[in-house]
Amino acid sequence: MGASYIDDLNYSIMDFGGSGDALERDALFKNSSDGSTRTSFDEQKARNFMMLVAGDEDGYKSLTSAQQLYMASGLAAFETDEDRGVAFAQNAAKVHGILDESRSHGIREEFKDPEEAQQVLQEQNGEWRKSLVSGGVTVAATAGAAILLGPAAGVVAATAVPLVMESAGSVVTTAYGNHTLEYLKDHEYTNDPQALQAVQDVEKIGERAATQPVLNFAQNTGMSNKEATDLINEIEQSYLAGKTVISNNEKVSS
């Protein structure tokens, strides 16, 4: 269910301190592949929902797979509108941070031994992310609904994952997959066992998932090195902000 409403979850998160209307988030999220209008679940409630669902391994896989697709679609759609693309990327990175920290919390609860929990978290994140990008993902469109297929079968297969469209009535085609997911594959952060051993902490995997599509966006929009650097710095802060709100919730509930 969360994967099907990943657009509404992103929309809900872009309302820090009630700023959503002032930031014109309706315009940012108006064109969805399923033709629906956005519904706000309330920022705090959306965060709580993602924290509960993504704390579980399967829930985390489903939501993060959907978020990666949704983020890539938005960056592709806004390549001719850099300002909106940057705003979309910042918010999407925050959602990634929320999901990653939620799973980290779930692992810590499941494994009381910190070292064991860390190892499990690295392996689980690395293996499923590797399967997502290494085998390719197909996005097909039927009556405006984007369907995720491919190596993530059993997790989000046959789940309607709404995507960001350039305009109302746009059609999802294989060009979408070639344009965005092939980039992820070509720039794959290798997650084979040897590489996993070199990863000092699991955050590096999540950080790259949020960063690589943004680097693609920077290249495709012709940003200078300074502009790209500034953008990545902003994405880092957004990602960390997402992690912080969950870690703060964890402290309150403990």
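The values are calculated or read from the model by the stated rules, or taken from the named source; none is laboratory data. Bear in mind the structure is a predicted one, so any value in this text is a computation, not a measurement. When we count neighbours, we look across all protein chains shown, and the Cβ atoms used for this are built from the backbone with ideal geometry, even at glycine. Ligands, DNA and RNA are excluded from the accessible area calculation, which covers all protein heavy atoms including side chains. Shrake-Rupley method; radii C 1.70, N 1.55, O 1.52, S 1.80 Å.
Asp100 satisfies every condition listed in (1) open to solvent by less than 40 Å² (accessible area, probe 1.4 Å); (2) more than 14 Å from the chain's Cα centre (by Cα) except (2). Could you look through region 1-42, keep only residues that are acidic (Asp, Glu) and buried (at least 20 other Cβ atoms within 10 Å of the Cβ), and pick out the one that is farthest from the chain's Cα centre (by Cα)? Selected residue: Asp15. Of the residues making up region 21-46, those that are more than 14 Å from Ala3 (Cα to Cα) and among the charged types (D, E, K, R) are Asp21, Glu24, Arg25, Asp26, Lys30, Arg38, Asp42, Glu43, Lys45.
Quick grid of which residues meet (1) under 17 Å from Gly242 (Cα atoms); (2) among the β-branched types (Val, Ile, Thr); (3) part of a helix (DSSP H, G or I); (4) open to solvent by 10 Å² or more (accessible area, probe 1.4 Å):
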residue	(1), (2), (3), (4)
Phe49	yes, no, yes, yes
Leu63	yes, no, yes, no
Leu69	no, no, yes, no
Ala72	no, no, yes, no
Ala76	no, no, yes, yes
Glu79	no, no, no, yes
Ala87	yes, no, yes, yes
Ala92	yes, no, yes, no
His96	yes, no, yes, no
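I need a count of the residues in region 209-237 that are surrounded by fewer than 21 Cβ atoms within 10 Å (Cβ to Cβ) and small (Gly, Ala, Ser). Total meeting the criteria: 3. Being of a type outside the set (Asp, Glu) and touching a residue at least 60 places away in the same chain (Cβ under 8 Å) holds for only one residue in Ser12, Ser19, Ser62, and it is Ser62. Of all residues in region 1-35, those satisfying the criterion of being over 17 Å from Val245 (Cβ atoms) and of a type in the set (A, V, I, L, M) are Met1, Ala3, Ile6, Ala22, Leu23, Ala27, Leu28.
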